[in-house]
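Step one of this worksheet: look at the structure below.
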Amino acid sequence: MAFTHIKKSKGSQYKGVHKSSTSKKFFAKICMKNGSYISKDFKTELQAHKHYLEMRELLNLRRKRVKEDLMESVREVAKQVKQKKKVLKSRKIKRKNPLKDRKRYYNTLTQSDKNHIHGKARHHCELCGIQYTEHIEGEVDHVIPLQYFGTNNYPNLQSICTACHKWKCSHLDKIIGNMQENADYNDKIDKVKEVQQKLFEKKYGVNKNTNIIINNNKNTISLNISS
């Protein structure tokens, strides 16, 4: 709201009170950002000063109310933004992967370690049961492959023939790696060996009715191997 400037003469002893040079009466003036408030003429300075104080208080209350409304709006907007960020963050949460940040090992087996594993298996393949000869060689295999965070400890090692080792590396290693994400099979070598044996029997007809199902939390994973 804009006000017409009224030329005044000498100021008054009261704050905000001025004397008009034309009407010789007093008026109150309040300077604001968008203009100045100028009251009607009063006969005495005291009346003009009283009106000045009343209007000043009224304007301060109005300014305070506007400021409170603005702050309330700012708080409401900030609250909505915070809720939106929370929703977006919840959508980005992924299932924790137990394999993440785990240490990978390298193959550090010595010939002595390999001889120990073959001797423990009595120089027979732990999968097909064939005995090693000069034509049939045995190899030391990691039950849980090193690339899927297996270790070089003896419980994770097995003696299998070259043919079974080739079959396991080609078909089973990836399946065993996926099994490590399941808490029921994570680093549990005995259960992995059991699944490995059943898959072997299923492929080669020892037990054609073998069904292997792994319950991974809400998901059900059926392990099948291609021939």
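The values are calculated or read from the model by the stated rules, or taken from the named source; none is laboratory data. Nothing here was measured: the structure is a model prediction, and the numbers come from that model. Every residue, glycine as well, gets a Cβ built from its backbone with ideal geometry; the counts of neighbours run over all protein chains shown.
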* Quick check: anything in segment 56-75 touching a Phe, Trp or Tyr at 6+ places or on another chain (Cβ under 7 Å) and surrounded by 10 or more Cβ atoms within 10 Å (Cβ to Cβ)? -> no
* To do: Could you tell me which of the residues ASN186, ASN178 is assigned by TED's automatic domain parsing to the domain that holds LYS203, under 34 Å from the mean Cα position of the chain (by Cα) and in contact (Cβ under 8 Å) with a residue 60 or more places away in the chain?
  => ASN186
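Can you spot a residue in segment 127-137 that is within 47 Å of the chain's Cα centre (by Cα) and either exposed (fewer than 10 other Cβ atoms within 10 Å of the Cβ) or touching a residue at least 60 places away in the same chain (Cβ under 8 Å) (or both)?
yes
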